[in-house]
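Contents: one structure, followed by commentary.
Every read-out reported here was derived from the displayed coordinates using simple, explicitly stated rules and does not represent laboratory data. Worth saying up front: this structure is predicted, and the values here are computed from it rather than measured. Don't worry about glycine lacking a Cβ; one is built from the backbone with ideal geometry, like all the others, and counts go over all protein chains shown.
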Amino acid sequence: MLTLKQLKPLETIALVMKGQNVNAMIDLRDQPIRFVPESLRDLVSSHEVEALKAANIQFVANDPSLGGVLFETETIGIAISGTSKGYLYEVQPQVNLHVADIASAFEERKASIGSDTSLNVQLLQVLESPWALYLESY
């Protein structure tokens, strides 16, 4: 888990992303790195891209359902089912998604459904405003 000091350099990117439309993203899994819209490439410096890589960020995007800019560090699954984890720079906090401990809340939700049912959940654990951990399962 990144410390708040390590997250601080990502705030500039979060603010740039916040100024973009909801489809804006930076996909570091692609080579070359994909920027949508392409004009976003001019707004994010190579130093900032290196900060993303150093933080093990794979994907950055505006996410209206979570209320901010997500910085994905891990994705597991296939197109129809999986889990995504990372950090969220909250622009419009989704208080109804907040939990005290993201791992415990996820395990509780998972235990409450049948083994043949997929878990569709979004959870946020506030680190220090405006940063939170996020976990999304679909």
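Observations, loosely collected:
- Per-residue ³J(HN,Hα) for the stretch 37-50, Karplus 6.51 cos²θ - 1.76 cosθ + 1.60, θ = phi - 60°, Hz, x for Gly and Pro: x, 4, 4, 4, 4, 6, 9, 10, 6, 5, 5, 5, 4, 5
- For the stretch 51-62, backbone phi angles converted through the Karplus equation (6.51, -1.76, 1.60; θ = phi - 60°) give residue-by-residue couplings of 5, 4, 4, 4, 8, 6, 7, 9, 7, 10, 7, 5 Hz, Gly and Pro being listed as x.
- Net lengthening on full extension, LEU127/ALA100 (0.36 nm per residue, minus Cα-Cα): 8.7 nm
- The simple Förster model, with R0 at 22 Å and r as the Cβ-Cβ distance, assigns ASN120 and GLN92 a FRET efficiency of 0.55.
- Residues whose amide H falls under 5 Å from that of HIS98, counting only those 5 or more places apart or on a different chain, are LEU124, with hydrogens built in the peptide plane.
- Size of the chain as Cα extents on the principal axes (Å, biggest first): 47, 31, 26
- Long-range HN-HN contacts of VAL91 with modeled amide H, under 5 Å: GLY68, VAL69
- Relative contact order of the chain, taken over Cα pairs closer than 8 Å and 6 or more residues apart, is 19 percent.
- Electrostatic tally near VAL60: other residues with Cβ closer than 9 Å to its Cβ, Lys and Arg +1, Asp and Glu -1, net -2.
- Built amide H within the under 5 Å cut-off of ARG34, gap 5+: ASP27
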